Amino acid sequence: MYFAELLKSNLWIIVACLLAVVLYRLLGSRKRYSTKHYQCIPLLTEREQDFFWRLKEAVRDDLVIAPQVVFGAFIKVKATALTDKNHARHVVAHNRCDFLLCDKKLKPVALVEVDDSTHNNAKARSKDRRRDELMKAVGVSVVRYRAMPAPAQIRKDLKL
């Protein structure tokens, strides 16, 4: 009896607390985007930007240039054994190229990499070889540059 009277006399407090919890859950669960957590940065580094303009001059209107393309945008993982497929999905989901060159129908024809000093160690060279092998398997040629080539050299290397 005492509990029932206490509950009845404090019912508005209980309802207010429950309402506060519900509102907190609803409003507090929204993700808020802010400059505290995110920052817009250029798509390419300064070196890659310089190369982009040389590449654009070299390919003219012959090819379409797509910078910073994730492999999964142009490579489909076919059905294989489960573990192989999971690894294959990881490879295409977690790798991207500096520049993907496509024909007029947007079919990938070449991948162009601007290699810097981060490609000097054995681990990076091994990763580059595996990526090059993957591109060969899907019929996309790979051209790598360490030094900044002239547009004429790029055209020659791309056989344009």
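The values are calculated or read from the model by the stated rules, or taken from the named source; none is laboratory data. Since the model is a prediction, treat every value here as computed from it, not as a measurement. Heads up, the Cβs are rebuilt from the backbone with ideal geometry, glycines too, and the neighbour counts pull from every protein chain shown.
At a glance:
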| quantity | calculated |
| --- | --- |
| Checklist (1) of a type in the set (Val, Ile, Thr); (2) touching a helix residue (DSSP H, G or I) at 6+ places or on another chain (Cβ under 7 Å); (3) assigned to a loop (DSSP other than H, G, I, E, B) applied to Ile41, failing item | (2) |
| Long-range neighbours under 9 Å by Cβ, at least six apart or interchain, first residue within 15 Å of Phe71 (Cα to Cα) within the range 123-134, second hydrophobic (A, V, I, L, M, F, W, C) and in a helix (DSSP H, G or I) | Arg130/Val91; Arg131/Phe71; Arg131/Val91; Leu134/Phe71; Leu134/Val91; Leu134/Val92 |
| Selection from the range 63-76 of residues that are buried (at least 17 other Cβ atoms within 10 Å of the Cβ) and either touching a Phe, Trp or Tyr at 6+ places or on another chain (Cβ under 6 Å) or within 13 Å of Met135 (Cα to Cα) (or both) | Pro67, Phe71, Phe74, Ile75 |
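Here is a yes/no grid of residues against (1) within 21 Å of Arg146 (Cα to Cα); (2) in contact (Cβ under 8 Å) with a residue 12 or more places away in the chain:
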site: Lys56; (1), (2): yes, no
site: Ile75; (1), (2): no, yes
site: Asp84; (1), (2): no, no
site: Arg89; (1), (2): no, yes
site: Ala93; (1), (2): no, yes
site: Arg96; (1), (2): yes, yes
site: Thr118; (1), (2): yes, no
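Quick grid of which residues meet (1) more than 19 Å from Glu57 (Cβ to Cβ); (2) at pLDDT 95 or above:
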site: His94; (1), (2): yes, no
site: Leu106; (1), (2): yes, yes
site: Ala110; (1), (2): no, yes
site: Lys123; (1), (2): yes, no
site: Leu134; (1), (2): yes, no
site: Val140; (1), (2): yes, yes
